[in-house]
Amino acid sequence: MADEVKKDESGGLDKVSKARAEWEEKVLNPRVAKFNLPKSPTRFHTPADAEGHDFLEKVGFPGQYPYTAGNSPIEFWKAYERLAVEADFRPDWGGTRGVGKYGGFGTASDYRDYLVRMHSMGRVGGPNMAFDLATQCGYDSDSPQAEGEVGRVGVAIDSLRDFATIYEPYTGEKEIDRQPSNFTINAPCVVILAMYYALAKKRGLDPARLRGTPQNDILKEFIARGTYIYPPKPSLRLFRDTLVFMRREMPLMNVNSMGGYHIREAGATRTQDLAFSMANAAAYVEAGLSAGLSVDEFAPKFTFNAFGGSMEFYKEVAFHRASRRIYARMMRDRFGAKKRTSMIIRQPITAHIGCSSTTLQRPLNNWVRACVGGMAAGMSGAVPGVFPPFDEPLGLGHSIEATQMQLDATRVLMYESGITDEADPWAGSYFMESLTDETEAEVLAEMEKIEAMGGAVAAIESGYMPRAVAKSAYERQKRVEAREDLVVGVNCFTGPHEINVSINREVEPTYDPAQMATAEDRQKAALADLKRERDGAAVVKCLKILRGHATDEAKNLMPDIVDCVMADCTLQEICDVMRELFGEYQQAKI
Amino acid sequence: MSGEPKIRVLIAKPGLDGHERGARVIAYGLRDEGFEVIYTGLRQSAIQIATAAVQEDVGVVGLSILSGAHLSLTAKVLEELKKQGADDLLVLVGGMVPEQDKQALLDMGVAEVFTSGTPVSQVAEFIRQNSKSA
C-alpha cells in the first residue's frame, strides 16, 4: 500500500514503485512459481516503504528526543570499555560502586556469610537481594504458608534484625551510604524500604545518602510472576507512598525497576509486553502526580530492569527503537516531562532472547541462541550482553563453565566484532524504520485499548491483561506443537541420530546443602527469640498507629512503617495490618 | 470420544511460586484435548488441593512447580490425598524438575513427571492411557 505514491514531491518514489512492480513481475513472481510457493517467504523494502519518513521527528540523534537512536551517544560502558579490559572487569562481581550478583538464600546470617565469602574473593559489590517467596508474599518464616519455602529462592527476612544481620559486613569502605543495594521486592516493598531507612538511622547515617533500587513494580505481579498481596488499588497507593517518601527522604534512590520481562516470559506477545508495561508505567506516573509532585520531580528516578525478548532478531531491535520513542512521547506529550532523564528508558540492557527461548533439550544450543540476543542488544543501544547462560533451563545455579562462556561471548562481541562502534546501526534502513513504525503502531493501539478500559489497574481488575497473556502463551504452545514455530531439538531435528552434547554442570558452591536443610528451623528459632526479646507494648502501639492511618487513603504510611520496623514488628505483622484493611487480591478466572 | 464421560483433571499450583505459564497452558491445552479441567490458581496448600480434588471428583491431579520445592510440596499433597482417601488418583508433576529428582517423585507415587518442552498432546495421551476414571 505504501507503494502508492504521489507524483512530484515523492522524490522519485514513483520510479521506485514502478521498478518494484516490474521486479515483482519479472524476477520475484517467476521464482515463487518456480519453487511452487503460495507466496514469497522473503520481503524486500524500498524507499517507498518509508515514504514520508521524517528522520528528525522519528529517529533523531542518539541522546536526543525521541531517543529512537538511543538514550545517549556514548553510554558509560562504551566510554569505559578499554578501562574494563585493563581492570579485568567482571560485571557480575559488582565493583565498589555497583551491586554484586543477584542472590540470596537461607537465613539472614547464611546470606551474610555468603557475602563475606564473596568479599574475600574480591567480589565487593553491594547486596543484590533475592527474597524467599514467603517474604515476597508478606509472610513470616513461622507462618503456615511459609512452610517449605523459607530461604529457598532467596533470603528470609522477618524483621529489621535480619536485615541488619545481612548488612553486618557493610561498614567502613563498604558503608551503606557508599555502596548501592538492589531489592527485588514488590508487594512488601514498603517494609524493606523502611528497613533500609531504619538501618541508616540506626547507624547514624543520613538516609539521603543511600543509593539503591527496589523493584517496586507491583502491577506486573498481577499480570505475571504472582507475588502480590493486596488488590491493585491499595497496592498502587503503597507505591505512591514509597515514591513520595523516597523523593523526600532518600532522593538518590531509584523509585522502581519496571519492565515487561516477566510479562513476556509468562507468554505475552511483543506487543502485549510493551503495551502492558507502558500502561503500568503510566499508572506509576499518575500515582506520583496524584501526590502533588511534578513529573520531572520523580520520573528521572524511574528505571526499567528489562523488557522481554525472543529469537526474532529484527523484531527485537525494532522493539527497542519503538519502546524508546513511545516512552519519550508519552512522558513529554501526555505527562508534560521536560527533563531528558524523565523521558528515557533507563535500563541496564536492551534486547535479549528471554529465558523462555532456551530449551532443556540439547542445552548447549542455548549458547548460540543467547549470542543472537547479544547481537540484537549490541545493535539496539546496549552492551552486547549474551544472556542467559546456556544451562538456564536446567535448574537453579548456572555452572562455572556456562557463566564463563556467557561472559566471554559478550566480550567477543564487544571487543572483536565492533558491533557497538555505531550508535543505532539500523537507523535509516527502509526495512527497520518501517518495522519500527509497525511495532509502534501496534503497541499504541493496544495502549489505547487499555486506556479505554480505564488504564492498567482496570485492565488488571477485569482480568483482561492476565488472561491475554495466558492466551498468548497457549497460542505459542499450539504453534510449537503444530510445528508452525520451529524450535531446534524440540519439535524438529530430533531423530535418533541426533545427540545430546554432554556438558559440565559444576556449579560454584554457594551453600552447604546440610546447612540449607536446617535454614527454616534456624530462621524460625531466631524469629522466636525476637518475639520473646522485643518490647511487646511498643509493637502493639506501632501497629495500632499504622492501622489508624492506613484507613486514610491520603496518608503516607511510610513513616509509620519505619516506626514499626524500628520497634521490631515483623514483616508479616505489618503486612497483616494492611491485609485486614485492604483485603487480599483474588485472581480473575483464567 | 462422544458419549463417554469426560476425564476430570485438577491443575494445581502448590506453594507460593507464581510461575503460572505452564499451568495455564496445560489447563487450556487439556481442555482442548477434551478433558474437563479445573485450575486452582496460585498459592494452594496441600489441604486445599486435596480437598478440591475430592470435591470436584477428579481422576487426575497435575501439580505445577517451578520453585525447586517439588519434592516437599509433592510429598505433602500425596499425603493429604491419602488422608482424604483419594490416593488412587493419577498424580502428575510438571515444571522445573532436575533429572535426579524425577525418580524420587516416581518412587513417592507420582505417575509421571513432565518437564518443559513436553507437548500437551503427550500429556493428554498419557492421561488417556493411564486414567482409571471414565
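The values are calculated or read from the model by the stated rules, or taken from the named source; none is laboratory data. What you see is a predicted model; the values in this text were computed from it and never measured. Using ideal geometry, Cβ is built from the backbone for each residue, glycine included, and neighbour counts are taken over all protein chains shown.
Would it be correct to say that A:Ser159 is small (Gly, Ala, Ser) and in contact with a Gly (Cβ under 6 Å, 6 or more places away or on another chain)? For A:Ser159, the condition - small (Gly, Ala, Ser) and in contact with a Gly (Cβ under 6 Å, 6 or more places away or on another chain) - is not met. When A:Phe222, A:Phe239, A:Phe245 are screened for being more than 20 Å from the chain's Cα centre (by Cα) and modelled with pLDDT of 95 or more, only A:Phe245 passes. Looking across segment A:504-521, the residues that are buried (at least 16 other Cβ atoms within 10 Å of the Cβ), of a type outside the set (Asp, Glu) and farther than 13 Å from A:Tyr111 by Cα come down to A:Arg505, A:Val507. Taken over segment A:517-570, the residue count meeting the criterion of being within 15 Å of A:Leu193 (Cα to Cα) and of a type in the set (D, E, K, R) is 3. In this structure, A:Arg532 does not satisfy being basic (Lys, Arg), part of a helix (DSSP H, G or I) and surrounded by 13 or more Cβ atoms within 10 Å (Cβ to Cβ). The single residue among A:Ala441, A:Ala402, A:Ala427 that is in contact (Cβ under 8 Å) with a residue 12 or more places away in the chain, more than 14 Å from chain B (Cβ to nearest Cβ) and not in a loop (DSSP other than H, G, I, E, B) turns out to be A:Ala402. Just checking, which of A:Ser257, A:Ser277 is assigned to a helix (DSSP H, G or I), under 14 Å from the mean Cα position of the chain (by Cα) and among the hydroxyl-bearing types (Ser, Thr, Tyr)? None of the other options fit; the residue is A:Ser277. When A:His262, A:His320 are screened for being surrounded by 21 or more Cβ atoms within 10 Å (Cβ to Cβ), modelled with pLDDT of 95 or more and in contact with a Gly (Cβ under 7 Å, 6 or more places away or on another chain), only A:His320 passes. Determine if segment A:102-119 includes at least one residue that is within 23 Å of the chain's Cα centre (by Cα), at pLDDT below 95 and surrounded by fewer than 16 Cβ atoms within 10 Å (Cβ to Cβ). Yes: one or more hits. Here A:Glu451 clears all of (1) touching a Gly at 6+ places or on another chain (Cβ under 6 Å); (2) in contact (Cβ under 8 Å) with a residue 40 or more places away in the chain except the condition numbered (1).
Would you check if B:Asp107 is of a type in the set (Asp, Glu), at pLDDT below 95 and farther than 18 Å from B:Gly22 by Cβ? No, not satisfied.
Considering segment B:1-94, the qualifying helices (runs of 4 or more DSSP H), each wholly inside and each with 1 or more residues that are more than 14 Å from the chain's Cα centre (by Cα) and more than 11 Å from chain A (Cβ to nearest Cβ), run over B:46-55, B:70-83. Quick check: anything in segment A:476-484 assigned to a helix (DSSP H, G or I) and closer than 23 Å to A:Asp110 by Cβ? Within segment A:476-484 (the criterion being assigned to a helix (DSSP H, G or I) and closer than 23 Å to A:Asp110 by Cβ), the answer is no, since none of the residues qualifies. Given the structure, is A:Gly463 surrounded by fewer than 17 Cβ atoms within 10 Å (Cβ to Cβ), away from chain B (no Cβ under 14 Å) and not hydrophobic (A, V, I, L, M, F, W, C)? Taking the combined requirement at face value, the residue does not satisfy it. In this structure, is A:Ile326 farther than 20 Å from A:Glu448 by Cβ and either away from every other protein chain (no Cβ under 14 Å) or part of a loop (DSSP other than H, G, I, E, B) (or both)? No. Looking only at residues of segment B:95-120 that are among the small types (Gly, Ala, Ser) and under 15 Å from the mean Cα position of the chain (by Cα), we find that the one that is nearest to the other protein chains (Cβ to nearest Cβ) is B:Ser116.
For every residue, the table says whether it meets (1) of a type in the set (Val, Ile, Thr); (2) without any contact (Cβ under 8 Å) to a residue 60 or more places away in the chain.
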site	(1), (2)
A:Glu173	no, no
A:Asn216	no, yes
A:Leu238	no, no
A:Leu252	no, yes
A:Gly260	no, yes
A:Ile263	yes, no
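Would you please name the residue that is nearest to the other protein chains (Cβ to nearest Cβ), looking only at residues in segment A:478-503 that are surrounded by 15 or more Cβ atoms within 10 Å (Cβ to Cβ) and within 22 Å of B:Pro98 (Cα to Cα)? Out of the qualifying residues, it is A:Val490. What residue, among those in segment B:121-134 that are part of a loop (DSSP other than H, G, I, E, B) and surrounded by 13 or more Cβ atoms within 10 Å (Cβ to Cβ), is nearest to the other protein chains (Cβ to nearest Cβ)? Here the answer is B:Ser131.
Per the listing A:Gly226, A:Gly172, the residue uniquely on the phi > 0 side of the Ramachandran plot and within 14 Å of chain B (Cβ to nearest Cβ) is A:Gly226. Restricting attention to segment A:536-561 and to residues that are in a loop (DSSP other than H, G, I, E, B) and in contact (Cβ under 8 Å) with a residue 40 or more places away in the chain, the residue that is surrounded by the most Cβ atoms within 10 Å (Cβ to Cβ) turns out to be A:Leu557. With the structure loaded, tell me whether A:Asp54 is at pLDDT below 95 and closer than 28 Å to A:Ser323 by Cβ or whether it fails that test. Judged against the criteria, A:Asp54 is not a match. Going by what's in this entry, would A:Ala525 be described as under 21 Å from A:Ser141 (Cα atoms), more than 27 Å from the chain's Cα centre (by Cα), modelled with pLDDT under 95 and in a helix (DSSP H, G or I)? When the stated conditions are applied, A:Ala525 does not pass them.
Residues A:Gln587, A:Gln515: which one is among the polar types (S, T, N, Q) and part of a helix (DSSP H, G or I)? So the residue among A:Gln587, A:Gln515 that is among the polar types (S, T, N, Q) and part of a helix (DSSP H, G or I) is A:Gln515.
Residues in segment A:104-114 include at least one that is hydrophobic (A, V, I, L, M, F, W, C), away from every other protein chain (no Cβ under 14 Å) and more than 20 Å from A:Thr403 (Cβ to Cβ). Residues that are without any contact (Cβ under 8 Å) to a residue 60 or more places away in the chain number at least 2 in the following helices (runs of 4 or more DSSP H) confined to segment A:51-170: A:55-58, A:76-79, A:81-86, A:108-120, A:160-166.
Specify the residue that is nearest to B:Leu66 (Cα to Cα); the eligible residues are those in segment A:398-422 that are crowded, with 18+ Cβ neighbours inside 10 Å and aliphatic (A, V, I, L, M). That would be A:Ala402.
Checking each residue in segment A:360-397 for being within 14 Å of another protein chain (Cβ to nearest Cβ), buried (at least 20 other Cβ atoms within 10 Å of the Cβ) and touching a residue at least 60 places away in the same chain (Cβ under 8 Å) picks out A:Pro363, A:Asp391, A:Leu394.
Being of a type in the set (Phe, Trp, Tyr), under 24 Å from A:Gly583 (Cα atoms) and more than 14 Å from chain B (Cβ to nearest Cβ) holds for only one residue in A:Phe307, A:Phe245, A:Phe319, A:Phe276, and it is A:Phe245.
One residue is enough: does segment A:194-215 have a residue meeting the conditions in a loop (DSSP other than H, G, I, E, B) and closer than 30 Å to A:Lys471 by Cβ? For segment A:194-215, residues in a loop (DSSP other than H, G, I, E, B) and closer than 30 Å to A:Lys471 by Cβ: present.
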